[in-house]
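Q: My questions all concern the structure below.
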């Protein structure tokens, strides 16, 4: 393996996609210069070298791929059905595991630790798969802060679960919601690195906007329609009739069923 750094003096490649989300000041977000330079450099190297760089864990090494860059290539690999996807998922999972586990350990009960830990990882990957939205652009600006904020959304839920587990004699009495784990494509019921890699591959067979509708329905529990005018629904989000949304979801189920059968 060459000892030469992957980061060069050359500016980012023209293929680099800019961020589009605005910050609190109403200005478009920008990746740090060092992040854009590394993405640009990685876009120009051979895929085999990129795969070798994924294995580097020493942050001091010039070949270490920054977290923000890894998120960029995860989304690109997912969008293009690239064969680097499995390796990127594995690398990103290893990096976020400790941070997420540390956060969950502060709020979740000992009995529910694994479920809570798996739920956050599953939710994070599911949302990063949403290629129609720029709401996660900040993950390519400061991934560490993004991850901390993402975990924070679940703290209240897990703390409530811990209190309930202390009151009851058995965790079986905890309501179904607090025991829920991420489900992206049946029959995957809980997070596993290999299973989740397969789940993400399954999502790749779904065309847009069917894929986004399926993700929102199954990971965010969005309803198709609602009598509550203030509630966001799939029909409102896509500006489509409930019938159209149901057809999309049925198509998604059929495509995933076919994919699972062909994958056996």
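Q: Quick check on residue 57: is it out of contact with any helix residue (DSSP H, G or I) (no Cβ under 7 Å at 6 or more places or on another chain) and under 19 Å from residue 35 (Cβ atoms)?
A: yes
Q: Name, by its number, the condition in (1) more than 21 Å from residue 207 (Cβ to Cβ); (2) surrounded by 15 or more Cβ atoms within 10 Å (Cβ to Cβ) that does not hold for residue 221.
A: Residue 221 satisfies every listed condition except (2).
Q: Still on this structure: Are any residues in segment 44-65 surrounded by 12 or more Cβ atoms within 10 Å (Cβ to Cβ) and in a loop (DSSP other than H, G, I, E, B), and if so, which ones?
A: Result: 44, 45, 55, 56, 61, 62, 63, 64, 65.
Q: With the requirement that a residue be in contact with a helix residue (DSSP H, G or I) (Cβ under 7 Å, 6 or more places away or on another chain), surrounded by fewer than 18 Cβ atoms within 10 Å (Cβ to Cβ) and either within 18 Å of residue 81 (Cβ to Cβ) or at pLDDT 85 or above (or both), what does segment 224-257 give you?
A: 225, 241, 242, 249, 251
The values are calculated or read from the model by the stated rules, or taken from the named source; none is laboratory data. Bear in mind that the values here come from a model prediction, so they are computed numbers and not experimental data. For neighbour counting, all protein chains shown are included, and Cβ atoms are generated from backbone atoms with ideal geometry for every residue, glycine included.
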